[in-house]
Amino acid sequence: MVKFWTFVQKELILLYRDFSGLMVLFVMPLALVIVVTLVQENIFKSIGETKNRVLFVDQDGKSVGKWVEESLRKSGSIEIVKDLKGKPIDIETAKKAVLRGDFQTCIHIPPGLTDAFKKTVRQSVKNSLAPDAKKRGIQTEGDNDLPVIPVYFDPTLRGNYRAGMINGLEKVILGLEIKEKMGIFSELLPGKMEEMAKKVAGPMWSDDYKKGIPKMELGWDEKPLMAIKEKMTQNKGVIVLPNAIQQNVPAWTLFGMFFIVVPLGGSLIRERQDGMLARLLTMPTSYLTIISGKILAYVMICLVQVVLIFAVGKVLLPLLGTPGLALGSSPAALILVVLSSALAASGYGILLGTIARTYEQASMFGAVSVVIAAALGGVMVPVYMMPRIMQEISAFSPLAWGLNAFLDVLIRGGNIRSIISDAAFLMIFFVITVSVAWFYMVKRGRVGIQQR
Amino acid sequence: MVSDLIMLSAHRLVKVYPKKSQPAINGLTLSITEGEVFGLLGPNGAGKTTAISIMTTLLKPTSGSLTVCGLDVLRYPAQVRGLIGFVPQEVALYQNLTLRENLRFFGRIYGLRGKELATRISEFIELVGLEESADSLVYTFSGGMKRRANLAAGILHKPKVLFLDEPTVGVDPQSRNLILERLTGFKEKITMVYTTHYMEEAESLCSYVAIMDAGQIIIEGAPAELIHRFPDCPDLEALFIKLTGKQLRD
């Protein structure tokens, strides 16, 4: 046991004196967590919490523009901008501002829109009151092109943002359409009823009957009659709303943990190249002790990484204006996720250090493979946003298992039971990587000695 | 004083590396008695390092038998490792540890603890003349200092059999002189297997030498006796060239 701890202690001292290794293991993930979280927290807010500034150019100046403007203002999520530098904005300037990326959206109400819209609505109501007009081949008004509200977007804008804006506008237009239709319906229906009554009564018709036809007032309270309430599906325990902190802190922690493959693999290669491994293997110790010492040392490093990065999420990021990291309701599950992820990362480092022939190979391939596995694993973009094929490939990334388990605990209120399959995958990955490394080392002749 | 006790015995050792048609060592048989300094000489590719690797348990031979201190190396490698010391060709030390930290690490692996370990570390730091640099990181050492430190790490636990694979290669004359002086001091106390390309070193240090070529011992005996056998060779180097040829071995 003393020998084992001697190896662990040696690894920790060596790493403590390895400045670039410390930068990779601690400074890089900490910087990534802070920067990416703050950046994404802002994106998160731009979608749901903070107001989006939208250019609004109304060249019509009538009811449609006013309705749209008022409705968007009422939504609370949009700030209407009609002036730039104190001057009313024209459509060409507005389009240029969007193209430059100064604004993401411009809504244009062209001249004559209200008249065209009202005409279309009136004809639409008329058509509905004379449903057989089309059947009889009578040309009806409103069959021409629909009036259009052009909406200009910044070309770099994401599809989901554009879809959200269009959906919102369609809802506004639908409200206006219903209002207009009901107004015209109220206006036309009594006349239509009178016409029908006259037809039915024939010579019996008297103008006194008109009094019996009710005046229509088809307006109604604008309050919705059915509500939608946003709710998160969660296990029992603490309810945590997903946000940039809950996503990014575990994601980049995992990324940092897997970056131990670079110093760990590198240390194995240096030992082999410097003759250290040969010397160690002539000493009264086993390869298993040498490797176990390395694994424990790097698992300890991973634990320190987790504590540091989580502390940043819990303490530092809230000071910068973000919500604090919530740790979920199952500390035991969290510890299991951390340990199984740390072992998986260590196993990969051992494999890399055994197979790679030079430090450059290990550091290059190790770093690139971790970045790819992180991208596939949902560290950079959540897995559910990936195309189907990438989601299927993602299922093979150890970082996906680790991140899914972390999110289970931190967001979905999961416990040991809910993360056990991901933790098992990580442990199996550890066993496979270390076994392959062992097999490769034995095949190569323990220390890679070639004929001299 | 050299006794008759056999400390290392190799019998018909053969090693064929995978995908190689020629064996690296081919029927190596030798016997080393207690206190002897056995010089294993030969040109590049002769099989010296392979032989040392097998003797130090790093490699398994394809066939043959080997005992160290009476223990079968192939059956009891773990026990053998506690009895031997190894000073490899490379400076096999952790460059980012101090010399004292390196020696503490190696000492603990050899089972030394506490006061005994501390005393032993000081003793061997003094022996290799590195008292003033003991607490400096090894990467700051000169080549000669590293070689001396490398030697200290190999003998710290006072092994029964010490294997030295070209321990003075690329060393300044002063450091080389110190290393040879210290090794001479261990003569008759520690059995040594010594490989080198410096024939004058072998001639002065070794009590017995074997010259290898193509994986086999082509001649063996005490240096003086071998020179005596070949009157046209004034020294071991001339004999070595005579037996192994002048062609370059890369």
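The values are calculated or read from the model by the stated rules, or taken from the named source; none is laboratory data. Note that the structure is a prediction, hence the values are computed from the model and not measured. Virtual Cβ from ideal backbone geometry, glycine too; neighbours counted across all protein chains shown.
For the stretch B:171-215, how many residues are in a loop (DSSP other than H, G, I, E, B), in contact with an Asp or Glu (Cβ under 8 Å, 6 or more places away or on another chain) and at pLDDT 90 or above? Before the answer, list the steps.
Going residue by residue through the stretch B:171-215, those that are in a loop (DSSP other than H, G, I, E, B) are B:171-172, B:187-190, B:196-198, B:206-207, B:214-215.
Among the residues that remain, those that are also in contact with an Asp or Glu (Cβ under 8 Å, 6 or more places away or on another chain) are: B:196-197, B:207.
Checking which are at pLDDT 90 or above leaves us with B:207.
Selection size over the stretch B:171-215: 1.
What are the residue pairs meeting all of these: first residue in the stretch A:175-189, first residue hydroxyl-bearing (Ser, Thr, Tyr), second residue at pLDDT below 85, Cβ atoms under 7 Å, and 6 or more apart or on different chains?
From residues that are hydroxyl-bearing (Ser, Thr, Tyr), the pairs are A:SER186/A:MET216; A:SER186/A:GLU217; A:SER186/A:LEU218.
Would the stretch B:27-35 turn up any residue that is crowded, with 21+ Cβ neighbours inside 10 Å and either without any contact (Cβ under 8 Å) to a residue 40 or more places away in the chain or part of a loop (DSSP other than H, G, I, E, B) (or both)?
Just the residues of the stretch B:27-35 that are crowded, with 21+ Cβ neighbours inside 10 Å, to begin with: B:28, B:32.
Keeping just the survivors that are either without any contact (Cβ under 8 Å) to a residue 40 or more places away in the chain or part of a loop (DSSP other than H, G, I, E, B) (or both) gives none.
No, the stretch B:27-35 contains no residue that is crowded, with 21+ Cβ neighbours inside 10 Å and either without any contact (Cβ under 8 Å) to a residue 40 or more places away in the chain or part of a loop (DSSP other than H, G, I, E, B) (or both).
Do we have any residue at all in the stretch A:6-17 that's out of contact with any helix residue (DSSP H, G or I) (no Cβ under 7 Å at 6 or more places or on another chain), modelled with pLDDT under 85 and either among the polar types (S, T, N, Q) or surrounded by fewer than 19 Cβ atoms within 10 Å (Cβ to Cβ) (or both)?
No, the stretch A:6-17 contains no residue that is out of contact with any helix residue (DSSP H, G or I) (no Cβ under 7 Å at 6 or more places or on another chain), modelled with pLDDT under 85 and either among the polar types (S, T, N, Q) or surrounded by fewer than 19 Cβ atoms within 10 Å (Cβ to Cβ) (or both).
Among the listed residues A:ASP408, A:ASP422, which satisfies the condition of being under 29 Å from A:GLY293 (Cα atoms), under 27 Å from the mean Cα position of the chain (by Cα) and in a helix (DSSP H, G or I)?
Step by step, each of A:ASP408, A:ASP422 is checked, and only A:ASP422 is under 29 Å from A:GLY293 (Cα atoms), under 27 Å from the mean Cα position of the chain (by Cα) and in a helix (DSSP H, G or I).
Can you pull out the residues in the stretch B:54-95 that are in contact with a Pro (Cβ under 6 Å, 6 or more places away or on another chain), more than 7 Å from chain A (Cβ to nearest Cβ) and either of a type in the set (Val, Ile, Thr) or on the phi > 0 side of the Ramachandran plot (or both)?
B:ILE54, B:VAL87
Among (1) aliphatic (A, V, I, L, M); (2) touching a Lys or Arg at 6+ places or on another chain (Cβ under 7 Å); (3) part of a helix (DSSP H, G or I), where does B:ILE227 come up short?
(2)
What's the total number of residues in the stretch B:110-120 that are part of a helix (DSSP H, G or I), touching a helix residue (DSSP H, G or I) at 6+ places or on another chain (Cβ under 8 Å) and either within 14 Å of another protein chain (Cβ to nearest Cβ) or closer than 30 Å to A:SER20 by Cβ (or both)? Steps first, answer last, please.
Narrowing the stretch B:110-120 to residues part of a helix (DSSP H, G or I): B:114-120.
From what is left, the residues that are touching a helix residue (DSSP H, G or I) at 6+ places or on another chain (Cβ under 8 Å) are B:117, B:120.
If we keep only those that are either within 14 Å of another protein chain (Cβ to nearest Cβ) or closer than 30 Å to A:SER20 by Cβ (or both) as well, we get B:117.
Going through the stretch B:110-120 one residue at a time, the tally reaches 1.
Within 11 Å of chain A (Cβ to nearest Cβ), out of contact with any Lys or Arg (no Cβ under 7 Å at 6 or more places or on another chain) and modelled with pLDDT under 90: does that describe B:GLN22? Explain how you work it out, then say what you get.
Values: within 11 Å of chain A (Cβ to nearest Cβ): yes; out of contact with any Lys or Arg (no Cβ under 7 Å at 6 or more places or on another chain): yes; modelled with pLDDT under 90: yes.
Yes, satisfied.
Output the number of residues of the stretch B:39-58 satisfying the condition of being under 25 Å from B:ALA238 (Cβ atoms), among the hydrophobic types (A, V, I, L, M, F, W, C) and either modelled with pLDDT of 95 or more or more than 10 Å from the chain's Cα centre (by Cα) (or both).
Filtering the stretch B:39-58 for residues under 25 Å from B:ALA238 (Cβ atoms) gives B:39-49, B:51.
Subsequent filtering for residues that are among the hydrophobic types (A, V, I, L, M, F, W, C) retains B:40-41, B:46, B:51.
The next check asks that each one be either modelled with pLDDT of 95 or more or more than 10 Å from the chain's Cα centre (by Cα) (or both); those that pass are B:41, B:46, B:51.
The total comes to 3.
Condition first: aromatic (Phe, Trp, Tyr) and without any contact (Cβ under 8 Å) to a residue 40 or more places away in the chain. Now tell me which residues in the stretch B:109-140 satisfy that.
Applying the first criterion (aromatic (Phe, Trp, Tyr)) to the stretch B:109-140 yields B:110, B:124, B:139.
Hit for the stretch B:109-140 is B:PHE124, nothing else.
Within the stretch B:96-109, work out how many residues are more than 9 Å from every other protein chain (Cβ to nearest Cβ) and either of a type in the set (D, E, K, R) or in contact with a Gly (Cβ under 6 Å, 6 or more places away or on another chain) (or both).
Going through the stretch B:96-109 one residue at a time, the tally reaches 1.
Which of the numbered conditions does A:SER286 fail, given that it passes all the others? Conditions: (1) within 11 Å of chain B (Cβ to nearest Cβ); (2) crowded, with 20+ Cβ neighbours inside 10 Å.
Status for A:SER286: all satisfied but (2).
Within the stretch A:173-206, restricting attention to residues that are over 14 Å from A:ASN127 (Cα atoms), touching a Lys or Arg at 6+ places or on another chain (Cβ under 7 Å) and surrounded by 15 or more Cβ atoms within 10 Å (Cβ to Cβ), which residue is modelled with the lowest pLDDT?
Out of the qualifying residues, it is A:GLU194.
Residues A:MET364, A:MET283, A:MET300: which one is without any contact (Cβ under 8 Å) to a residue 60 or more places away in the chain and over 30 Å from the mean Cα position of the chain (by Cα)? Even if it seems obvious, please write down each step before you answer.
On the way: A:MET364 fails: over 30 Å from the mean Cα position of the chain (by Cα); A:MET300 fails: without any contact (Cβ under 8 Å) to a residue 60 or more places away in the chain.
The match here is A:MET283.
Output the residue which, of all residues in the stretch B:143-158 that are within 19 Å of B:VAL68 (Cα to Cα) and within 10 Å of chain A (Cβ to nearest Cβ), is surrounded by the most Cβ atoms within 10 Å (Cβ to Cβ).
Residue satisfying both the conditions and the ranking: B:GLY154.
Quick check: is even one residue across the stretch B:216-231 on the phi > 0 side of the Ramachandran plot, within 22 Å of the chain's Cα centre (by Cα) and at pLDDT 90 or above? Spell out how you get there, then give the answer.
Taking the stretch B:216-231 as the starting set, the residues that turn out to be on the phi > 0 side of the Ramachandran plot are B:221.
Adding the requirement that they be within 22 Å of the chain's Cα centre (by Cα) leaves B:221.
Next, from what is left, pick out any that are at pLDDT 90 or above: B:221.
Yes, the stretch B:216-231 contains at least one residue that is on the phi > 0 side of the Ramachandran plot, within 22 Å of the chain's Cα centre (by Cα) and at pLDDT 90 or above.
Of all the helices (runs of 4 or more DSSP H) wholly in the stretch A:310-405, which have at least 2 residues that are under 30 Å from A:ASP274 (Cβ atoms)?
On the way: elements: A:331-355, A:359-376, A:388-394.
Once the helices (runs of 4 or more DSSP H) in the stretch A:310-405 are filtered for at least 2 residues that are under 30 Å from A:ASP274 (Cβ atoms), what remains is A:331-355, A:359-376.
Considering only residues that are within 14 Å of A:SER346 (Cβ to Cβ) and not aliphatic (A, V, I, L, M), look in the stretch A:290-317 and name the one that is surrounded by the most Cβ atoms within 10 Å (Cβ to Cβ).
It comes out as A:TYR298.
Any chance the stretch B:92-109 includes a residue that's out of contact with any His (no Cβ under 9 Å at 6 or more places or on another chain) and assigned to a strand (DSSP E or B)?
yes
Show the residue pairs that are 6+ apart or on different chains and have beta-carbon atoms under 7 Å apart, the first residue being within the stretch A:72-86 and farther than 20 Å from A:ARG162 by Cβ, the second being assigned to a loop (DSSP other than H, G, I, E, B).
A:LYS82/A:ILE89; A:ASP83/A:ILE89
For the stretch A:96-128, which positions are in a helix (DSSP H, G or I), under 30 Å from the mean Cα position of the chain (by Cα) and surrounded by fewer than 18 Cβ atoms within 10 Å (Cβ to Cβ)? If you could, list the steps in order and put the result at the bottom.
Within the stretch A:96-128, the first condition is being in a helix (DSSP H, G or I), and the residues that meet it are A:96-100, A:113-128.
Filter again for under 30 Å from the mean Cα position of the chain (by Cα), leaving A:96-100.
Matches in the stretch A:96-128: A:LYS96, A:LEU99, A:ARG100.
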